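Presented below is the structure to which this report refers.
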Amino acid sequence: MSTPKHPEGLPPIVVADDHAAMPLLRQHLPAGFGLAHAPTFDAARALVKAETPLVLCGCHFDDGRMYDLLRWMRASPPLKHVPFLAVRLLEGQLDDAMYESVKIAIDAVGGDGFIDLYRWQLRYGEQAAGGRLARRVDALLHGEDAGDSV
């Protein structure tokens, strides 16, 4: 399989999460991926445009405003098509019931999936989990089905 890379000419991926998530993403995504950090809901609203190729949003984004951001995007006609991937990059693993509830809620509001990186690291190992994350991001950037969860 080829190495995932940010397609040339695309604006950066918007990362709506705590600042501490940025080094983790840079660790797991290939160097060419452009990332724009949005630590707050207002910052995300300013950064997300119709041309945005993907929004990666952390579960604890801006004190729990992940669903607010997703609802805002899906209610805005120019942004409805922008892929939205919920991610849990920080802190420990969710229990099974909470993990499933986040997956179901993200799907119900129109998101494109949920990744609990720590869960993947436990199951696949750190390097393989990072590779899965990079492939999932790459698939979404290329408009492909990124259905990969556990």
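The values are calculated or read from the model by the stated rules, or taken from the named source; none is laboratory data. These figures come from a predicted structure and were not determined experimentally. Neighbour counts are summed over all protein chains in view; Cβ atoms, including those assigned to glycine, are modelled from backbone coordinates with ideal geometry.
Miscellaneous remarks
- Count - residues of the range 70-91 that are at pLDDT 95 or above, under 16 Å from the mean Cα position of the chain (by Cα) and part of a loop (DSSP other than H, G, I, E, B): 4
- Selection of first residues in the range 55-70 that are more than 16 Å from ALA105 (Cα to Cα) and of second residues that are hydroxyl-bearing (Ser, Thr, Tyr), restricted to Cβ pairs under 6 Å at least 6 apart or on distinct chains, gives the following pairs, ordered by first then second residue: ASP62/THR40.
- Only one entry in ARG123, ARG136 is closer than 19 Å to HIS28 by Cβ, of a type in the set (Lys, Arg), surrounded by 14 or more Cβ atoms within 10 Å (Cβ to Cβ) and at pLDDT 90 or above, namely ARG136.
- In the set (1) part of a loop (DSSP other than H, G, I, E, B); (2) at pLDDT 95 or above, the condition left unmet by HIS6 is number (2).
A quick yes/no check of all residues on (1) over 16 Å from ALA21 (Cβ atoms); (2) touching a residue at least 12 places away in the same chain (Cβ under 8 Å); (3) assigned to a loop (DSSP other than H, G, I, E, B); (4) of a type in the set (A, V, I, L, M):
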| position | (1), (2), (3), (4) |
| --- | --- |
| LYS103 | yes, yes, no, no |
| ARG123 | yes, yes, no, no |
| ALA129 | no, yes, no, yes |
| ARG136 | no, yes, no, no |
| ALA139 | yes, no, no, yes |
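- Matching residues, the range 36-53, being in a helix (DSSP H, G or I) and either touching a helix residue (DSSP H, G or I) at 6+ places or on another chain (Cβ under 8 Å) or touching a residue at least 40 places away in the same chain (Cβ under 8 Å) (or both): PHE41, ALA44, ARG45
Per-residue answers, yes or no, for (1) at pLDDT 95 or above; (2) touching a strand residue (DSSP E or B) at 6+ places or on another chain (Cβ under 9 Å):
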site	(1), (2)
ASP17	yes, yes
MET22	no, yes
PRO39	yes, yes
ALA43	yes, yes
ASP68	yes, no
GLN93	no, yes
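- Taking each residue of the range 17-35 that is free of Cβ contacts under 8 Å to residues at least 60 places away in the same chain and surrounded by 11 or more Cβ atoms within 10 Å (Cβ to Cβ) and looking for partners that are assigned to a loop (DSSP other than H, G, I, E, B) and of a type outside the set (A, V, I, L, M) with beta-carbon atoms closer than 7 Å, six or more apart or interchain, yields GLY32/LYS5; GLY32/HIS6; GLY34/HIS6; GLY34/PRO12; LEU35/PRO12.
- Of all residues in the range 105-121, those being assigned to a helix (DSSP H, G or I) and in contact with a helix residue (DSSP H, G or I) (Cβ under 9 Å, 6 or more places away or on another chain) number 8.
- Meets criteria (acidic (Asp, Glu) and either buried (at least 17 other Cβ atoms within 10 Å of the Cβ) or touching a Phe, Trp or Tyr at 6+ places or on another chain (Cβ under 7 Å) (or both)) for ASP95: no
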